[in-house]
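Read the structure below first, then the notes.
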Amino acid sequence: MDPNQLFAHALPLPRPWTVTSSTLEGKPKKLTLMVDLVEGTKSLPCSWCGKQSRIHDRRERRWRHLNF
Ligand SMILES: [Zn+2]
């Protein structure tokens, strides 16, 4: 299985979210995952009511997940 798909299942990330890259480097080892929307995604469900809303901007953000 592709490592990016493996991490997407482990998180777990619902579509249209997907892992686009994974790198393991440094001392101590740090795992960095890039998460993005599947190409062509035009809308996402509201996290409160579930209503579909068009995507109008995108920003790169970082957060720390629990250790794998
Ligand atoms: Zn809503």
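Can you spot the lysines whose alpha carbon is less than 26 Å from K51's alpha carbon? Ignore those fewer than 8 places along the same chain.
Cross-link targets: K42.
Counting Lys and Arg as +1 and Asp and Glu as -1, what is the net charge of the other residues whose Cβ lies under 14 Å from the Cβ of I55? Write out the running numbers ahead of the final one.
Numbers: positive: K42, K51, R54, R58, R59; negative: D36, E39, D57.
Summing Lys and Arg as +1 and Asp and Glu as -1 gives +2.
With a 1.4 Å probe and all protein chains left in place, how much of the accessible area of segment 3-54 comes from carbon and sulfur atoms, in whole percent? Write out the running numbers ahead of the final one.
Working: 2420 of 4190 Å².
Carbon plus sulfur share of accessible area: 58 percent.
Skip the ligands, DNA and RNA, and give the accessible area per residue of the chain with a 1.4 Å probe, whole Å². If you can, show how the numbers build up before the last one.
On the way: 6380 Å² over 68 residues.
With all protein chains present, the chain gives 94 Å² per residue.
R61 to L24: FRET efficiency via 1/(1 + (r/R0)^6), r the Cβ-Cβ distance, R0 22 Å, to the nearest 0.05? Don't skip to the end; give the middle numbers.
Numbers: r = 21 Å, r/R0 = 0.94.
Computed FRET efficiency for R61 and L24: 0.60.
For n ≥ 4 DSSP H runs only, could you compute -39500 (n - 2.57) per run for the chain, divide by its residues and tell me the 222 nm figure to the nearest 500?
On the way: 1 runs with 8 residues, N = 68.
After summing the helix terms and dividing by the residues of the chain, the value is -3000 deg cm²/dmol.
Output wanted: per-residue J couplings in Hz (rounded whole) for segment 53-64, from phi through Karplus 6.51 cos²θ - 1.76 cosθ + 1.60, θ = phi - 60°, x for Gly and Pro.
Result, rounded to whole Hz: 9, 5, 7, 10, 7, 9, 9, 7, 10, 10, 9, 9.
With the cut-off at 13 Å, report for the chain the share of all Cα pairs above it, as a whole percent.
Values: 1631 of 2278 pairs.
So the portion of pairs separated by more than 13 Å is 72 percent.
Which loop-located GluC sites (Glu not before Pro) does the chain contain, where loop means any DSSP state but H, G, I, E or B and the Cβ has at most 14 other Cβ atoms within 10 Å? Walk me through the numbers before you get to the answer.
On the way: sites: E25, E39, E60; in loops: E39, E60.
Of the GluC sites (Glu not before Pro), the ones in loops of the chain whose Cβ has at most 14 other Cβ atoms within 10 Å are E39, E60.
Multiply the residue separation of A10 and S43 by 0.36 nm, subtract the distance between their alpha-carbon atoms, and state the gained length in nm to one decimal. Write out the running numbers ahead of the final one.
On the way: separation 33, 0.36 × 33 = 11.88 nm, distance 2.40 nm.
Length gained, A10 through S43: 9.5 nm.
Keeping all protein chains in place and using 1.4 angstrom, which order do L24, L66, L13 fall into by accessible surface area, from largest down? Spell out each step's value before the answer.
Values: L24 110, L66 140, L13 45 Å².
So the residues, ranked largest to smallest area, are L66, L24, L13.
Could you give me the ³J(HN,Hα) list for segment 7-22, computed from phi with Karplus coefficients 6.51, -1.76, 1.60 and θ = phi - 60°, whole Hz, x at Gly and Pro?
With coefficients 6.51, -1.76 and 1.60, one gets 5, 4, 6, 6, 5, x, 9, x, 4, x, 6, 8, 8, 9, 7, 9 Hz.
For T20, what residues show an amide H to amide H distance below 5 Å, using hydrogens built from the backbone and excluding near sequence neighbours?
M34, V35, D36
Hey, rough spin-label estimate for T32 and F68, points 7 angstrom out along Cα→Cβ, what's it come to in nanometres?
The answer from the label model is 1.4 nm.
The values are calculated or read from the model by the stated rules, or taken from the named source; none is laboratory data. Keep in mind it's a predicted model, so treat the numbers as computed, not measured. Cβ coordinates were reconstructed from backbone atoms using ideal geometry, including for glycine residues, and neighbour counts include every protein chain displayed. Calculation scope for accessible area: heavy atoms of the full protein, side chains included, ligands and nucleic acids excluded. Shrake-Rupley method; radii C 1.70, N 1.55, O 1.52, S 1.80 Å.
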